Every structure is written in structure tokens, then in C-alpha cells.
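Notes follow the structure.
The values are calculated or read from the model by the stated rules, or taken from the named source; none is laboratory data. Small disclaimer: the values here were computed from a predicted structure and weren't measured. Every residue, glycine among them, receives a Cβ derived from its backbone with ideal geometry; neighbour counts consider all protein chains shown. All accessible areas refer to the heavy atoms of the entire protein, side chains included, with ligands and DNA or RNA removed. Shrake-Rupley method; radii C 1.70, N 1.55, O 1.52, S 1.80 Å.
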Amino acid sequence: MKGNFRKLALVGALAALAGWPAAAGDTSARQLIAQFAAQAHTQPSVARGKALFMGRHTGGKPETPSCTTCHTQNLRATGHTRAGKAIEPMALSANPSRFTDSAKVAKWFRRNCKSVLGRECTAGEKADILAWLSSL
Amino acid sequence: MKIPAMKALAAAGLIALANLAPAAAGTNMRAAAKLTEAECSACHMAFPAPFLPARSWKTIMNTLDNHFGEDASLDEASRAQIEAYLTANAADTGGNRQWMLRGVGENEYILRITEMPWWVREHSHEVSQRAWARAGSKSNCLACHRSAGRGGYDDD
């Protein structure tokens, strides 16, 4: 455990020196799923990802009870923010540029899980959600 | 009075038109303007800095984890740069929009452009119910001001 942590810290320090995470194109859905699953020591589950993404939650902000509040139930179609701006489809098959920038993925998981669930998503939950969005 | 406001709104890169005030220590204003445009346009258009006073921007930039009912938090370096840009180009600073401050008390912290007296005045006539319904939200400026760049407002 401790050894792992040290290794991670070292990778982090090197990454900071190199200015990584780089811009778009530094990762892929497959790589991210593998990373998150390894971190969580779980197998990614499409069914769990679907339940979490499509479900209604009460722990977060009242304005955003579900991921579908903005991304809608049809993830192959365009969604919209609460201020009316279009959001490109989330399904990987409908939008191949999804999940290719690790900093972007981290930023939006942090924001959106806090808005909807009132807490950050765990690595296991992130693997599940990305597995589901990649399966559509 | 009205023309500069319309020009600001009409510009494609709305923020680019704000006067770039002299850089605060350590802040590259051009880079900060670009960052603001990129980060603050994810959920709505990036609102022009001159449309609110500096104290409003400061409050907005320090409460991003609870931003009008959403978490819009940023890493600290980006947050600080954007705050520096917005407060340097606000209505009462480099943005020079004194008329937009009419009716706003010195200690009043209005966080919405759509609650500023100037905005309410400009939108109290001429805007049809249909246009409001189509926009969905008052904050959705581009629903009505899309064609402002071509000299007309699409308000049927």
C-alpha cells in the first residue's frame, strides 16, 4: 500500500515536471476504464454504470437530480445545459472524440458527480460509467 | 451608450473586445482572457467582463463550487487567473461601463447580469413572450442575440 502510494507520488511529480496531463488526445475511453478499474480493484460493470447514470439521486443539488438532467436519456443525441447550451452526445459511438483528454474527464467527473451525488465519484464508479458510455 | 454594449455582445469572441486593462502582477491578461473564454463558455456563453462590477465577479469566482445550482469548480491556478481578468475588466474598472452601474448600490452584490438594473431596463419592452419561451432561460443570451453581429435582433 505504502509502496504503491510512493510510486504514485513519483509518477505525479514527474508528470508535473513534464507538464502532463497534456492537451486533448492523451488518453482514450479504454485506457481510462483500465486505469480506474485497476485503481478500484473492481471489474467495470456496464449495468452498474447505467444504473448510476440513468438513476435519480437526492444527495446533490436539487437542480441536478440526475446525469440525464443535462445529458438526457438518449445518450446518442445532443443534450443541453440548464442555461440552454447544446452538449454533444456522450455515447462513444456517436461522438468518438469523447474521453480523450484526461484533465477534461477529471474536471467534469469532479463537477458533475458533486452536483448530482453531492460527492465525488469513486474510481470504480468512473470505470462503470465509462464502460457503459462505451457500450452504447 | 448603447452601441458599445451591442458591439461587445456582437463580437464572436465577446471577451476579446473588453479593454485589456494593464496586467495585474503576474497575470498575462491575454492568456487570462483566452482561459476565461474557454472555461466560462462550457455551460453558457462566456459573459463579457464589462457587464458586471468587479465585486460581483470576485464573489462569483470564489463560490464556483455552488454556482447557480451547480458545481463549476476549477483548479486554483485557473480560478485565480480568471478572477484577475474579470475584475480588471469589469464595469467599474477597465471595462468602463459606468452606465451599467446606474441604480446599483455600492455595497450591493448582484451576481446575475439579468438582475442588473441596466439589463432589466433593456429587456422590459420589446421582448416577446415567445422569445422568452424559446430561449428557455434569461441567461441564454445567444438565443436572442445570435444575429446581433449582423445588425439585427431576432426577436420576432
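For the pair B:GLN98 and A:ARG56, what calculated FRET efficiency results from E = 1/(1 + (r/R0)^6), where r is the Cβ-Cβ distance and R0 = 51 Å, to the nearest 0.05? Show your work: numbers first, answer last.
Numbers: r = 47 Å, r/R0 = 0.92.
After rounding, the FRET efficiency stands at 0.60.
Within 10 Å of each Cβ in B:51-58, how many Cβ atoms from other chains are there, averaged over the peptide?
0
How large a share of the accessible area of the stretch B:78-132, in percent, is made up of carbon and sulfur atoms when the probe is 1.4 Å and the other protein chains stay in place?
The computed percentage sits at 48.
Over all residues in B:73-86, what is the mean tally of Cβ atoms on other chains that come within 10 Å of each residue's Cβ?
1
With a cut-off of 8 Å between alpha carbons and a minimum separation of six or more residues, what is the relative contact order of the stretch A:25-135 in percent?
Relative contact order of the stretch A:25-135: 43 percent.
Before I look further, what does the stretch A:25-135 give for accessible area per residue, probe 1.4 Å, in whole square angstrom?
On a per-residue basis, 50 Å².
Working from the alpha-carbon coordinates of the stretch A:25-135, get Rg over Rh, Rh being the Kirkwood radius.
In the stretch A:25-135, Rg relative to Rh is 0.93.
Using the basic label-point model (7 angstrom from Cα toward the beta carbon), what is the B:ALA42 to A:ALA47 distance in nanometres?
Reported label-point gap for B:ALA42 and A:ALA47 is 3.3 nm.
Where in the stretch B:114-138 does the amide nitrogen come within less than 18 Å of the point 7 Å from the Cα of B:PHE68, taken along Cα to Cβ?
Label zone hits: B:114-124, B:132-138.
Do the alpha carbons of any pairs in A:LYS85/B:LYS138; A:LYS50/A:LYS85; A:LYS85/A:LYS107; A:LYS126/B:LYS34; B:LYS34/B:LYS138 sit beyond 22 Å of each other, and which pairs? Each step should come with its number before you reach the end.
On the way: A:LYS85/B:LYS138 12 Å; A:LYS50/A:LYS85 24 Å; A:LYS85/A:LYS107 19 Å; A:LYS126/B:LYS34 30 Å; B:LYS34/B:LYS138 25 Å.
Checking Cα-Cα distances, A:LYS50/A:LYS85; A:LYS126/B:LYS34; B:LYS34/B:LYS138 exceed 22 Å.
Kindly identify residues of the stretch A:43-91 having a loss of at least 30 Å² in accessible area between the isolated chain and the assembly of all protein chains, probe radius 1.4 Å.
Relative to the lone chain, where solvent access is computed with a 1.4 Å probe, the stretch A:43-91 loses at least 30 Å² at A:LYS61, A:THR81, A:ARG82, A:ALA83, A:LYS85.
Ranked by accessible surface with a 1.4 Å probe, highest first, in what order do B:LYS138, B:LYS34, A:LYS85 come?
B:LYS34, B:LYS138, A:LYS85
What average number of partner chain Cβ atoms lie no more than 10 Å from the Cβ of the residues making up B:38-49? Walk me through the numbers on the way to the answer.
Working: counts 0, 1, 0, 1, 7, 9, 5, 3, 0, 0, 0, 0.
Mean number of neighbouring Cβ atoms from other chains: 2.
Compute for chains B and A the buried accessible surface, both sides summed, probe 1.4 Å, and express it in Å² to the nearest 100.
Answer for the B-A pair: about 1300 Å² buried.
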